[in-house]
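Novice: Take a look at this one; I'll ask things after.
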Amino acid sequence: MSRTCDICGKGTMFGNKVSKSYNHTRRTWKPNLIKVKTILEGQTMTLKICTQCYRSDWIVKKVRVPKPVAEAETK
């Protein structure tokens with residue numbers, strides 16, 4: 001399982017942390033990924049997408065609708 005967005009391909013970035021004394025140490029930046037259930041090509045799938053893709057309406061989140069409860073069970 002890699003830390004990449006299934007829509008745009010955004011992944012982990014690498015670089016240096018620079019201190020006040022200008023010392024360089026390696027660090028990573030990880031994308032903000034969320035798991036979202038969506039319908040693609042008629043199939044329900046769970047995708048890992050970054051929050052930028054989620055906010056820009058690339059996909060539509062599938063909302064689970066509860067089944068109606070029979071009247072006999074409620075009485």
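Read-outs throughout are calculated quantities, based only on the coordinates presented, and are distinct from any laboratory measurement. These numbers were taken from a predicted model, which means no experiment stands behind them. Positions of Cβ are backbone-derived with ideal geometry, glycine not excepted, and every protein chain shown enters the neighbour counts.
Novice: Whose amide H sits under 5 Å from the amide H of K62, counting only residues 5 or more places off or on another chain, with H placed in the peptide plane?
Specialist: K37, T38, I39
Novice: Can you tell me, using C-alpha contacts under 8 Å and at least 6 residues apart, the relative contact order of the chain as a whole percent?
Specialist: For the chain, the relative contact order is 25 percent.
Novice: May I ask you to list the chymotrypsin sites (Phe, Trp or Tyr not before Pro) in the chain that are in a DSSP loop and have at most 12 other Cβ atoms within 10 Å of their Cβ?
Specialist: Filter output for the chain: Y22.
Novice: Which of rounded, prolate, oblate describes the chain, given a ≥ b ≥ c as roots of the alpha-carbon gyration tensor eigenvalues and a/c under 1.5 marking rounded, otherwise prolate only if a/b is larger than b/c?
Specialist: It comes out prolate by the Cα gyration axes.
Novice: Between E41 and R3, what length in nm is gained on full extension when 0.36 nm per residue of separation is reduced by their alpha carbon distance?
Specialist: On the way: separation 38, 0.36 × 38 = 13.68 nm, distance 2.39 nm.
This chain segment gains 11.3 nm when fully extended.
Novice: Calculated from DSSP H runs of 4 or more alone, at -39500 (n - 2.57) each and per residue, what is the 222 nm mean residue ellipticity of the chain, nearest 500?
Specialist: -2000 deg cm²/dmol
Novice: Along the charge dipole of the chain, which of F14, V69, T51 sits closest to the positive end, that is, farthest toward it, with unit charges on the beta carbon of Lys, Arg, Asp and Glu (+1, +1, -1, -1)?
Specialist: With unit charges placed on the Cβ atoms, the residue in question is F14.
Novice: Filter the GluC sites (Glu not before Pro) in the chain down to the DSSP loop ones having no more than 10 other Cβ atoms within 10 Å, then list what survives.
Specialist: Within the chain, the qualifying GluC sites (Glu not before Pro) (loop, at most 10 other Cβ atoms within 10 Å) are E41.
Novice: So between V65 and I34, what do we pick up on full extension, going 0.36 nm a residue minus the alpha carbon distance?
Specialist: Fully extending the segment from V65 to I34 adds 9.1 nm.
Novice: What does the charge count near G15 come to, summing +1 for each Lys or Arg and -1 for each Asp or Glu among other residues with Cβ under 10 Å from its Cβ?
Specialist: +3
Novice: Give me the distance in nm between label points sitting 7 Å out from Cα along the Cα-to-Cβ direction at Q52 and K17, one decimal.
Specialist: 2.3 nm
Novice: Each residue of region 46-51 in turn: what ³J(HN,Hα) in whole Hz from Karplus with 6.51, -1.76, 1.60 and θ = phi - 60°, glycine and Pro shown as x?
Specialist: Running phi through 6.51 cos²θ - 1.76 cosθ + 1.60 with θ = phi - 60° gives 9, 10, 9, 10, 7, 5 Hz.
Novice: With a cap of 10 neighbouring Cβ atoms within 10 Å, and only residues DSSP puts in a loop, list the trypsin sites (Lys or Arg not before Pro) found in region 8-67.
Specialist: K20, R64
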